[in-house]
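Before any comments, here is the structure.
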Amino acid sequence: MGAVLVASLLGAFGRGPLASAAAESPAGTLRVDYERIVRRSSSTFLHLSAARVLVRDGVLAVRVNRQFLEAIELGGVVPEPLSVASAGDHLVYEFGATPGDREVHAVFEFKPLGLGRQGVEVAAAGSERVNFSQFVLP
């Protein structure tokens, strides 16, 4: 019983230090901070950080897999994207980049709708890709 309580406090069943994670592209230019374990219908976040080298003509284009987006209720994206467009199995979110910024940041707030493992793919500037999974509990 004590072990279950300790595991719960550390985040083994949701929120806590064990639940937090980060995934980074091979070149280290795209990073996503997220929670490994989330609760269905509870708000959670994806925090994206992209290096300036991924910006083209003042715009950072970020692709997110459609399968993930269809399994969530998107509450909001900050900053508000300049545009959102469909591109096959992905949606492309375009964010404005301020000259001089070393990184561009975006936060996706959402609530998972299903249960179990859900795969997430976030990509930018062609080949910079981050893949990870979240596990959704009731």
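Each value in this text was obtained by applying a stated rule to the coordinates, not by laboratory testing. Since we're looking at a predicted model, the values are computed, not measured.
Compute the orientation-averaged projected area for the stretch 69-111 from the convex hull of its Cα atoms and round it to one decimal in nm². Don't jump to the answer; show the numbers that get you there.
Working: hull surface 14.3 nm².
One quarter of the hull surface, i.e. the mean projection, equals 3.6 nm².
Sequence-distant contacts, meaning Cα pairs under 8 Å at least 6 residues apart, place the relative contact order of the chain at 29 percent.
For the stretch 22-101, the extents of the C-alpha atoms along the principal axes are 38, 25, 22 Å, listed from largest to smallest. Computed from Cα atoms alone, the Kirkwood hydrodynamic radius reported for the stretch 2-137 is 15.5 Å.
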